[in-house]
């Protein structure tokens, strides 16, 4: 569930991330064949008041990294903002993958852009990329590669998916298994359903809510 900051359009990391995601989506869909086209499109986008506060110089530095890593990867077979909706054990899961590229052997690579300044923990990336892989497999795709394109870090996190569902970091350790991820997602869904039905009691002390990122979902605070 997203916190309020994810919707904040006044500036900051979340806004920059949303901006470059939209920029790269448009560029890949339109088949931009030069870095300059991304730069020019960014200059057009930045005029929209919705992006007020976005630092265009920061965006241009991210374009530089994106272009060097991706200029020879995407093509007219690539898909962006791929919607994934599927059911496991009675629970409906939904998400959107930033991009998928079709590889020479017909399998696909999933690419997820990140503008974080710090690395993503194995748990988080296994749930996110594992979720995407499971969803695409259910749609009939053979997923062979998973990539977290960490645009502010020295290099992306690139992982290979084996036929047994084992995901390894370019053949090395620190990986995970897709069946394990599926089991973990189901258990998390069961816990959320249980808590929603039985344990989401109203707090007696509003001070508990002062720093809660989710309080805007609460009708009480919507009235404030």
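Throughout, read-outs are computed from the coordinates displayed, never taken from laboratory work. Bear in mind the structure is a predicted one, so any value in this text is a computation, not a measurement. Because the Cβ atoms are built from the backbone with ideal geometry, glycine has one as well, and the counts that use them run over all protein chains shown.
Which order do 150, 159 fall in if you start with the one that has the fewest other Cβ atoms within 10 Å?
Ranking 150, 159 by Cβ neighbours within 10 Å, fewest first, gives 150, 159.
Relative to the compact-globule scaling 2.2 N^0.38 Å, provide the ratio for the alpha-carbon radius of gyration of region 79-184.
Ratio of Rg to 2.2 N^0.38 Å for region 79-184: 1.01.
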Using a Gaussian network model of the chain whose springs link C-alpha atoms within less than 10 Å, name the residue from 20, 202, 161 with the highest mean-square fluctuation. 202
Subtracting the Cα-Cα distance from 0.36 nm times the residue separation, let me have the gained length for residue 76 to residue 169 in nm, one decimal. 30.7 nm
Per the rule of 0.36 nm per residue minus the C-alpha distance, extending residue 88 to residue 117 adds in nm 7.1 nm
Stretchable slack from residue 58 to residue 102, in nm (0.36 nm times residue separation minus alpha-carbon distance): 12.9 nm
Mean shadow area of the chain over all directions, Cα convex hull, nm²: 14.8 nm²
